[in-house]
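Written out below as structure tokens is the structure these notes cover.
The values are calculated or read from the model by the stated rules, or taken from the named source; none is laboratory data. Note that this is a predicted model, so its numbers are computed, not measured. Neighbour counts are summed over all protein chains in view; Cβ atoms, including those assigned to glycine, are modelled from backbone coordinates with ideal geometry.
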Amino acid sequence: MVSAADILNASILIVDDQAANVQLLEQMLREVGYRRITSTMDPHTVCALHRANHYDLILLDLQMPGMNGFQVMEGLKEIETNDYVPILVITAQPGHKLRALATGAKDFVAKPFDLIEVETRIHNMLEVRLLYKQLEHYNQALEQTVLKRTAELRESEARFRRLTELASDWYWEQDQNGHFTKVYGPVLEMLGVPVDTLLGETKEAQVARWNEAERAALEANMAARRPFLDFVYSRIDADGVHQYFQVSGEPMFDASGRFTGYRGVGRDVTGIMRDQKCPAI
């Protein structure tokens with residue numbers, strides 16, 4: 001929320017070619033309690049002043065010699081790239097009000113001044129302006145938080161992969177249809193197939209390489225959406241040699257509880273099975 005102190009500490013620029021108007025507005029603002037007030041009677045300096053100070057509110061007279069308020073607003077638009085130009089126009093011409101609002105002004109006050117009206121419009125506009133700035137800061141902070149969190153998640157995933165490689169030979173993921181979507185580790189070299197082939201081949205082509213009964217038992221677990229631990233199954237490679245692999249996996253679900261696939265780890269246990277002189281060898 002915006003406090004009264006925040007509003008009174010807002011920065012204000014008064015732009016009017018009439019010294020009497022400038023003095024009247026300055027006096028009125030200081031009596032209310034505003035502390036950061038700047039003024040100029042030269043409209044050519046407004047853009048440079050705003051570029052340097054980024055005022056929370058600009059009180060801008062429209063009728064000025066050499067450069068009118070509409071021209072000043074066009075210049076301010078180039079500075080305020082977020083499309084919010086904090087301008088309260090001052091005019092004695094009722095016909096200029098709609099044009100001023102269309103050009104980018106947020107509100108207007110009429111000459112001769114009704115000081116209570118001017119004070120109220122300034123207060124209300126500053127409150128909106130400061131709330132807008134708070135929203136900008138919040139969005140920037142949120143964006144930074146998202147970027148930081150994304151970087152942390154990527155680092156976490158990288159650490160997970162490294163730990164997986166230390167604890168097993170590979171990490172894998174499948175979608176809800178049983179197709180491989182991720183494979184990390186040397187399993188592809190063990191199988192003697194390129195990654196594009198494994199990730200792109202059909203489920204039927206994958207199954208054809210493995211022991212049918214063992215594969216059926218594994219698929220029964222997966223069809224029931226059950227986790228499995230250290231399941232051993234085998235295949236025969238292109239040279240007719242038996243290979244044995246041990247896999248563990250768990251089902252994955254999205255936030256709504258919908259099944260999205262499986263993920264797990266695996267390792268080559270061919271050497272262990274041979275050392276145990278498995279009857280299948």
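Entry remark, region 44-77: residues being closer than 20 Å to Tyr34 by Cβ, crowded, with 16+ Cβ neighbours inside 10 Å and either touching a Pro at 6+ places or on another chain (Cβ under 7 Å) or not charged (D, E, K, R) (or both) number 9 in total.
Quick check on region 184-202. Is at least one of its residues surrounded by 12 or more Cβ atoms within 10 Å (Cβ to Cβ), on the phi > 0 side of the Ramachandran plot and either at pLDDT 90 or above or not in a helix (DSSP H, G or I) (or both)? Within region 184-202 (the criterion being surrounded by 12 or more Cβ atoms within 10 Å (Cβ to Cβ), on the phi > 0 side of the Ramachandran plot and either at pLDDT 90 or above or not in a helix (DSSP H, G or I) (or both)), the answer is yes, since at least one residue qualifies. For region 43-91, a tally of residues being within 22 Å of Glu26 (Cα to Cα), among the charged types (D, E, K, R) and more than 30 Å from the chain's Cα centre (by Cα) returns 1. The residue that is surrounded by the fewest Cβ atoms within 10 Å (Cβ to Cβ), counting only those in region 236-273 that are closer than 16 Å to His179 by Cα and of a type in the set (Ser, Thr, Tyr), is Thr260.
Residues of region 83-98 that are touching a Phe, Trp or Tyr at 6+ places or on another chain (Cβ under 9 Å) and surrounded by fewer than 16 Cβ atoms within 10 Å (Cβ to Cβ): Tyr84 alone.
Conditions (1) assigned to a helix (DSSP H, G or I); (2) modelled with pLDDT of 90 or more; (3) not charged (D, E, K, R), marked per residue:
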{"residue": "Thr38", "(1), (2), (3)": "no, yes, yes"}
{"residue": "His44", "(1), (2), (3)": "yes, yes, yes"}
{"residue": "Ala48", "(1), (2), (3)": "yes, yes, yes"}
{"residue": "Ala52", "(1), (2), (3)": "yes, yes, yes"}
{"residue": "Leu60", "(1), (2), (3)": "no, yes, yes"}
{"residue": "Met67", "(1), (2), (3)": "no, yes, yes"}
{"residue": "Glu74", "(1), (2), (3)": "yes, no, no"}
{"residue": "Lys77", "(1), (2), (3)": "yes, no, no"}
{"residue": "Thr81", "(1), (2), (3)": "no, no, yes"}
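Tallying residues that are loosely packed, with under 13 Cβ neighbours inside 10 Å and outside any helix (DSSP H, G or I) within region 99-119 yields 2.
Going through (1) part of a helix (DSSP H, G or I); (2) closer than 17 Å to Thr38 by Cβ one by one, His137 falls short only on (2).
Here is the figure for region 226-252: residues that are at pLDDT 80 or above and acidic (Asp, Glu) total 2.
Let's see how each residue does on (1) in contact (Cβ under 8 Å) with a residue 40 or more places away in the chain; (2) farther than 15 Å from Val118 by Cβ; (3) not aromatic (Phe, Trp, Tyr):
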site: Asp56; (1), (2), (3): yes, yes, yes
site: Val72; (1), (2), (3): yes, yes, yes
site: Val89; (1), (2), (3): no, no, yes
site: Gln93; (1), (2), (3): no, yes, yes
site: Leu101; (1), (2), (3): no, yes, yes
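Among the listed residues Ile90, Ile122, identify the single one that is under 19 Å from Val46 (Cβ atoms), among the β-branched types (Val, Ile, Thr), outside any helix (DSSP H, G or I) and assigned by TED's automatic domain parsing to the domain that holds Gln27.
Step by step, each of Ile90, Ile122 is checked, and only Ile90 is under 19 Å from Val46 (Cβ atoms), among the β-branched types (Val, Ile, Thr), outside any helix (DSSP H, G or I) and assigned by TED's automatic domain parsing to the domain that holds Gln27.
Within region 6-15, can one find any residue that is part of a helix (DSSP H, G or I) and either loosely packed, with under 13 Cβ neighbours inside 10 Å or not hydrophobic (A, V, I, L, M, F, W, C) (or both)? Yes, there is a match, as at least one residue in region 6-15 is part of a helix (DSSP H, G or I) and either loosely packed, with under 13 Cβ neighbours inside 10 Å or not hydrophobic (A, V, I, L, M, F, W, C) (or both). Restricting Ala205, Ala223, Ala255 to those that are over 24 Å from Glu157 (Cα atoms) and at pLDDT 85 or above reduces the list to Ala223. Looking at Glu80, Glu119, Glu31, just one residue is in contact (Cβ under 8 Å) with a residue 60 or more places away in the chain and acidic (Asp, Glu), and that residue is Glu119.
Could you count how many residues in region 16-36 are loosely packed, with under 15 Cβ neighbours inside 10 Å and in a helix (DSSP H, G or I)? The qualifying residues number 7.
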